[in-house]
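Reading through the structure tokens given below for one structure.
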Amino acid sequence: TSQFLQHNSMYNPAAAGLANKNMLGVSYRSMWSSFPGNPRTFMVYGDFELKKLNAGIGTYVYRDETGPTSRTGIQLAYSYHIRTRKESQKFAIGLEVRALQFAIDKNKLSPSLGNDPILAGAANKFGVDAGAGVYYTNGNLSAGAAVSQLIESKLQLADVPNSKEGGKLYRHYNVTANYRLNTGGDIYLIPNVMARFIENAPSEFDFGAKLDYQDKVWWSLHWRVHQFWSIQAGLKLVNRLRVTYSYDYYVSPISVFTDGSGAHEVGLQFDLKKK
């Protein structure tokens with residue numbers, strides 16, 4: 001998702017429950033629609049504060065589909081909130097556990113791959129992994145760091161001859177920060193940044209600025225270095241129901257091919273806690 005400000009506990013388990021909103025949500029994302037078998041993601045999620053326990057819980061159930069491959073997962077995050085003398089200031093530590101099932105529809109691959117070893121391997125593979133994170137907020141400044149797929153569980157779908165390494169989940173390191181600037185008239189400007197580091201893959205850097213009016217209407221411009229620009233918006237439809245939308249325009253590498261190379265993401269969020 002490019003809407004990482006809306007999904008703090010997905011990237012950092014320590015952020016679960018810190019937003020003081022008991023919330024449920026659904027999300028759908030479709031990328032690069034001009035390509036057959038384009039990537040699509042479905043998510044159902046929740047974020048809950050356990051105030052009496054100084055804790056929070058974040059949950060995600062998701063499914064990614066890309067051509068013949070799919071990934072179905074459940075993610076559960078638990079965060080313990082360490083309060084300070086200032087009510088708005090909190091420090092949190094969090095742990096998460098993930099259950100993942102990777103699958104391949106071999107019927108979609110056999111016409112193209114022939115005798116490729118992957119067709120003799122498993123049609124699906126199940127794995128469990130974990131993560132951890134820390135997060136700090138004082139109501140204006142928020143920052144956190146986390147690592148996911150900490151155990152690096154093995155997920156080998158094919159028995160490839162003479163292979164020195166089997167398949168596994170590599171660790172992902174995420175660092176996020178944002179700051180709320182009151183510009184007057186209940187309008188807040190929120191600059192934000194995320195950095196992601198993955199072994200054997202290019203690092204990713206996201207920069208954005210969000211303009212928010214009373215948590216009723218917000219608009220944001222977002223840039224992932226060397227990849228895409230994103231325009232995002234949110235609107236409170238009724239007292240506790242919000243809708244979010246984003247469009248990502250990719251500048252590399254696929255935008256040079258055909259139209260429909262962007263990404264659309266739409267979501268609904270429902271607040272369970274009355275204000």
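Observations
For every residue, the table says whether it meets (1) in a loop (DSSP other than H, G, I, E, B); (2) out of contact with any strand residue (DSSP E or B) (no Cβ under 7 Å at 6 or more places or on another chain); (3) of a type in the set (Val, Ile, Thr).
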{"residue": "Asn20", "(1), (2), (3)": "yes, no, no"}
{"residue": "Ser27", "(1), (2), (3)": "no, no, no"}
{"residue": "Phe35", "(1), (2), (3)": "yes, yes, no"}
{"residue": "Gly58", "(1), (2), (3)": "no, no, no"}
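- Residue that is modelled with the lowest pLDDT, among those in segment 146-162 that are touching a helix residue (DSSP H, G or I) at 6+ places or on another chain (Cβ under 9 Å) and of a type in the set (Gly, Ala, Ser): Ala158
- Test result for Lys52, touching a residue at least 12 places away in the same chain (Cβ under 8 Å), more than 25 Å from His264 (Cβ to Cβ) and either open to solvent by 30 Å² or more (accessible area, probe 1.4 Å) or not in a loop (DSSP other than H, G, I, E, B) (or both): no
- Per the listing Asn38, Asn54, the residue uniquely of a type outside the set (D, E, K, R), farther than 16 Å from Ala15 by Cβ and at pLDDT below 95 is Asn38.
- Matching residues in segment 57-80 - criterion: being within 19 Å of Ala14 (Cα to Cα) and open to solvent by less than 40 Å² (accessible area, probe 1.4 Å): Gly58, Tyr60, Gln75, Ala77, Ser79
- In the condition set (1) more than 26 Å from Arg171 (Cα to Cα); (2) buried (at least 17 other Cβ atoms within 10 Å of the Cβ), Gly37 is compliant with all but (2).
- Scanning segment 81-90 for residues that are buried (at least 16 other Cβ atoms within 10 Å of the Cβ) and either out of contact with any Gly (no Cβ under 7 Å at 6 or more places or on another chain) or not in a strand (DSSP E or B) (or both) yields a single hit, Lys90.
The values are calculated or read from the model by the stated rules, or taken from the named source; none is laboratory data. Note that the structure is a prediction, hence the values are computed from the model and not measured. Using ideal geometry, Cβ is built from the backbone for each residue, glycine included, and neighbour counts are taken over all protein chains shown. These accessible areas exclude ligands, DNA and RNA; they are computed on the full protein's heavy atoms, side chains included. Shrake-Rupley method; radii C 1.70, N 1.55, O 1.52, S 1.80 Å.
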